[in-house]
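Chemist: The structure under discussion is supplied below as structure tokens; questions concerning it will follow.
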Ligand SMILES: Cc1ncc(COP(=O)(O)O)c(C=O)c1O
């Protein structure tokens, strides 16, 4: 199993940080690269001509490796919402069809469809959180609801950001395919940690940022676009999204046909070389450790916490339905007020999500952190 990687981070022992699902710390190497990159921007005359292209392609390749994609099927974008807006500009949802979303999913994979529904004549149907935590069965039941209009698209997270419920995207894909429906996967809470192979799954779109599980900065995200949608019109019109563009006077000399792959969807002003390199480093580290080894370590930690919590009157979602790297705790009577701040004052960092407590360890956490969290929580619950 992968050992704790704590020494690669600036994380003092008094800090027990269990909140990667909100935002992760940056590895030391990423911080150093970021500082050097600021210096580089201060002296742009030192950049060699090939620098820009190398930066884009390094990030594109690193992101593609996480989901087994062809790098040219991946676009450089600034946020998940940008990716969803791009997808919504590309696909046409048939009038009368349904777009499936999850109850209390993050706003980014949901709001674009709600905004467009009335004007485009489709409906948005929400899958409610099932009492038993089995999101996959609930999603499948809504897709296959007898007598319901056809599904045009499912736009859902592969791991629910608030309760850590995991969705069997292969089963959902199969059900969508039976109706000829499209699939947009918000992989924010799973890319790099859970297996996601676009060659095998054949989704329409997959989107993920780097600032959580991929140990990167804000403002860097990636959009996988299936080849069947690569003829679509990008959100922004850029010179480099067009064919045969030369850097100089591109607007005047450009052949106005688009480049033939997902690079046409690259964001405007994509020369974010400071954060682009920082993003690449985190993704490359994740690939180096390997998804299987990372998930082994994180499930060992969440399982240890779940076992140690047994004596306390808390509910933990069924192991079969929860992601291995996120543990969401339910409290009888709701999350005690002041609990999250109280734990933070003990140096223990977790998040409140929809009345539950979300625990999200990463490779820098170890058994000492797991035990310390449980002890701090038990102490506070006892003190009542
Ligand atoms: C499931 C999910 N999607 C998207 C995001 C972030 O979206 P955006 O990059 O549009 O801010 C988050 C952040 O918490 C998330 O949990």
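The values are calculated or read from the model by the stated rules, or taken from the named source; none is laboratory data. Please read these numbers as outputs of a predicted model, since none were measured by experiment. Reconstructed Cβ throughout: ideal geometry from the backbone, glycine too, with neighbour counts over all protein chains shown.
Chemist: Just wondering, is there one or more residues in the range 199-214 that are at pLDDT below 95 and outside any strand (DSSP E or B)? Give the derivation first.
Modeler: In the first step, residues of the range 199-214 are kept if they are at pLDDT below 95; the result is none.
Taking every residue of the range 199-214 in turn, none turns out to be at pLDDT below 95 and outside any strand (DSSP E or B).
Chemist: With the requirement that a residue be modelled with pLDDT of 85 or more and either farther than 20 Å from residue 50 by Cα or exposed (fewer than 12 other Cβ atoms within 10 Å of the Cβ) (or both), what does the range 232-251 give you?
Modeler: Listed by number, the residues that qualify are 232, 233, 234, 235, 236, 237.
Chemist: Just to check your reading of the model, which residue among 110, 99, 91 is more than 16 Å from the ligand (Cβ to nearest atom), buried (at least 20 other Cβ atoms within 10 Å of the Cβ), at pLDDT 95 or above and in the same structural domain as residue 220 (by TED's automatic domain parsing)?
Modeler: Details: 110 fails: more than 16 Å from the ligand (Cβ to nearest atom); 91 fails: buried (at least 20 other Cβ atoms within 10 Å of the Cβ).
Within the list 110, 99, 91, the selection yields 99.
Chemist: Further question on the same structure: I'd like the residue in the range 67-85 that is assigned to a helix (DSSP H, G or I) and touching a helix residue (DSSP H, G or I) at 6+ places or on another chain (Cβ under 8 Å) and, out of all such residues, is nearest to the ligand (Cβ to nearest atom). It would help to see each step written out before you state the result.
Modeler: Going residue by residue through the range 67-85, those that are assigned to a helix (DSSP H, G or I) are 71-73, 80-85.
Right, trim to touching a helix residue (DSSP H, G or I) at 6+ places or on another chain (Cβ under 8 Å) and you get 71-73, 81, 84-85.
Working: 71: 21, 72: 23, 73: 20, 81: 3, 84: 8, 85: 9 Å.
Selected residue: 81.
Chemist: Is the range 128-135 home to any residue that is touching a strand residue (DSSP E or B) at 6+ places or on another chain (Cβ under 8 Å), within 16 Å of the ligand (Cβ to nearest atom) and within 30 Å of residue 287 (Cβ to Cβ)?
Modeler: So far as the range 128-135 goes, yes, one or more of its residues are touching a strand residue (DSSP E or B) at 6+ places or on another chain (Cβ under 8 Å), within 16 Å of the ligand (Cβ to nearest atom) and within 30 Å of residue 287 (Cβ to Cβ).
Chemist: List the helices (runs of 4 or more DSSP H) that sit entirely inside the range 86-188 and contain at least 1 residues that are touching a helix residue (DSSP H, G or I) at 6+ places or on another chain (Cβ under 9 Å) and more than 24 Å from residue 232 (Cα to Cα).
Modeler: Result: 135-143, 169-178.
Chemist: Please work out if residue 180 is away from the ligand (no atom under 15 Å from the Cβ) and modelled with pLDDT of 95 or more.
Modeler: Values: away from the ligand (no atom under 15 Å from the Cβ): yes; modelled with pLDDT of 95 or more: yes.
Against the criterion (away from the ligand (no atom under 15 Å from the Cβ) and modelled with pLDDT of 95 or more), residue 180 qualifies.
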